Amino acid sequence: MSTKGLPAQAEDFPAWYVEVVKRAELAEHGPAKGSMIIKPHGYAMWELTQRALDDRFKATGHQNVYFPLLIPMSLLEREADHVEGFAPQVAVVTHGGGEKLEEPLAIRPTSEAIIWSTYKRWIQSYRDLPLLYNQWANVLRWEMRTRLFLRTSEFLWQEGHTAHATATEATEEALRMLEVYREVAEEILGIPVFSGRKSAAERFPGAVETYCIEGLMRDAKALQCGTSHFLGQNFAKAYDVTFLNADGVAEHAWATSWGFSARMIGATVMANGDDAGLRLPPSVAPIQVVIVPIHRTDDERASVIAVAEKLRADLAAAGIRVRLDDRDQHRPGFKFAEWEVKGVPLRIEIGPRDLAAGRVLVASRLGGDREEVAVADVVAGMADRLASVQRDLFADALAYREANTHEITSFDAFAAGVEERGGFWCGAWCGDAACEAEVSARTKATIRFLPFDATDPGAACMHCGRAGVDVATWARAY
Ligand SMILES: [Zn+2]
């Protein structure tokens, strides 16, 4: 146990995660197995993530739409790989209004089916393309092993679904949106990610190519942070979506889909937290600065609160998410501990002696060091202080990932290493799915990503010894 009564990360990471999610009041389990209730602090983090993504979707020419939650089973069944991949996870509504339905309705596990059956009506000519649409929604994929944010039956996400006249355009779109995901993961959520391409075995059901970003959590396990798929013409063919090209010839449209979910709230906790709780990057912190007044007498209280309230108003006016914690029922030490576990990046302490000296103390959640700052300078310097916390947190996570990314020198060294200390392991691979499956069975690691373009490793496959055709990066993953 750490000094804060949390399990230490190094001793029991899963228990640490459960306790931090609970004490930081992010979420709790819902009454139905696999369901989750997101609490205000957790939902505010999701709202900030949504805003960061949505602004970038709009800036790249996308519009939001909304499609129904219920999908007739016959529609879902039309793309064979897609339905086969999702079948074990689909929940089906068979009764409504007290009667058995003529056709069962699937609760969407993802929306390609309903969207592409609609695009058939929306796409006639090359002039209708591209369609650049995104949907903010919940989806349901049956899960019995629940882990808050990371694995729940119902989860919140966005799913982009675009249609294009050429394969090149669709591939460019899939890669453009992957880059948006990388930017939000790294610059907003403070999670360094590797970008790349999935092996065929790890591809989205129905995709020609799946691109991904992969992060490393503080237990040295990898987490898939977002995926973007080039779907080729599979869905256009399954749902009969054709357009007349400039020469008047009918062609099937080219598709992409891409998703980023609220599991990234869990990823932010696991990639940035420490033994004292959450450490939030300011960009995703619902409260960036908390002001804690310190006083004993009523007179002290009046003068300290007056200055604290003015500071709060000035910081808020400067666009900073600030809270004045003037709750009288709690002592300062209790408040410090609460805001620490909730990951608030900066804390301002104001006491009578500080006021007499015309200063406050600014404490960082990162190092815990406290800096004396003149009251008059607090507001002007705050944006820079927050930016430096954002940078330092990212640098810390990046250093952790670099210390936990290894070259594979031999299969045995890799198998022993990934068992002992987790992390990412890169090495030559023959490209064969059977070899990949054998490695996974022996090590519990999976290929997290391949380079965007197949890269000659100049070495034999680290497992089977056949000629290497690509460089694979393996890890045990959530
Ligand atoms: Zn091999």
- Across segment 169-186, what is the number of residues that are among the charged types (D, E, K, R), touching a residue at least 60 places away in the same chain (Cβ under 8 Å) and open to solvent by 50 Å² or more (accessible area, probe 1.4 Å)? 3
- Message: Checking the conditions here, which among Thr146, Thr166 is open to solvent by 50 Å² or more (accessible area, probe 1.4 Å) and among the β-branched types (Val, Ile, Thr)?
- Response: Thr166
- Scan segment 356-366 and give yes if some residue there is open to solvent by 20 Å² or more (accessible area, probe 1.4 Å) and assigned to a helix (DSSP H, G or I), otherwise no. yes
- Task: Could you grab me the full set of residues in segment 433-464 that are in a loop (DSSP other than H, G, I, E, B), open to solvent by less than 50 Å² (accessible area, probe 1.4 Å) and within 10 Å of the ligand (Cβ to nearest atom)?
- Result: Cys461, Met462, His463
- Note on the structure: Of the candidates Glu407, Glu402, the one satisfying the condition of being in contact with a Cys (Cβ under 8 Å, 6 or more places away or on another chain), exposed (fewer than 15 other Cβ atoms within 10 Å of the Cβ) and not hydroxyl-bearing (Ser, Thr, Tyr) is Glu407
- For residues that are open to solvent by 40 Å² or more (accessible area, probe 1.4 Å) and within 15 Å of the chain's Cα centre (by Cα), tally how many sit in segment 39-57. 4
- Query: Quick one: which strands (runs of 3 or more DSSP E) sit completely within segment 66-125 and have at least 3 residues that are open to solvent by 70 Å² or more (accessible area, probe 1.4 Å) and at pLDDT 95 or above?
  - Reply: 99-107
- Selection from segment 195-233 of residues outside any helix (DSSP H, G or I), among the small types (Gly, Ala, Ser) and out of contact with any His (no Cβ under 6 Å at 6 or more places or on another chain) yields Ser195, Gly196, Ser199, Gly215, Ala220, Ala222, Gly226, Ser228, Gly232
- Query: Out of (1) more than 26 Å from Phe13 (Cα to Cα); (2) more than 16 Å from the ligand (Cβ to nearest atom); (3) of a type in the set (A, V, I, L, M, F, W, C), the odd one out for Phe424 is which?
  - Reply: (1)
- Query: Would you pick out the residues in segment 400-417 that are within 19 Å of Ala459 (Cβ to Cβ), in a helix (DSSP H, G or I) and more than 12 Å from the ligand (Cβ to nearest atom)?
  - Reply: Asp412, Ala413, Phe414, Ala415, Gly417
- Quick one: Ala15 ticks every box in (1) touching an Asp or Glu at 6+ places or on another chain (Cβ under 9 Å); (2) open to solvent by less than 60 Å² (accessible area, probe 1.4 Å); (3) without any contact (Cβ under 8 Å) to a residue 12 or more places away in the chain; (4) not in a loop (DSSP other than H, G, I, E, B) except a single one, so which number is it? (1)
- Is there a residue being open to solvent by 30 Å² or more (accessible area, probe 1.4 Å) and within 13 Å of the ligand (Cβ to nearest atom) anywhere in segment 386-399? no
- Output the residue which, of all residues in segment 465-478 that are within 11 Å of the ligand (Cβ to nearest atom) and touching a Leu at 6+ places or on another chain (Cβ under 9 Å), is farthest from Ser228 (Cα to Cα). Asp470
- Query: Of all residues in segment 18-38, which are touching a helix residue (DSSP H, G or I) at 6+ places or on another chain (Cβ under 9 Å) and open to solvent by less than 30 Å² (accessible area, probe 1.4 Å)?
  - Reply: Val20, Val21, Ala24, Leu26, Ala27
- Just for segment 234-268: of the residues that are assigned to a loop (DSSP other than H, G, I, E, B) and without any contact (Cβ under 8 Å) to a residue 60 or more places away in the chain, which one is least open to solvent (accessible area, probe 1.4 Å)? Gly248
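The values are calculated or read from the model by the stated rules, or taken from the named source; none is laboratory data. Values in this document were obtained by computation on a predicted structure and should not be read as measured data. Counting neighbours? That spans all protein chains shown, and the Cβs are built from the backbone with ideal geometry, glycine included. These accessible areas exclude ligands, DNA and RNA; they are computed on the full protein's heavy atoms, side chains included. Shrake-Rupley method; radii C 1.70, N 1.55, O 1.52, S 1.80 Å.
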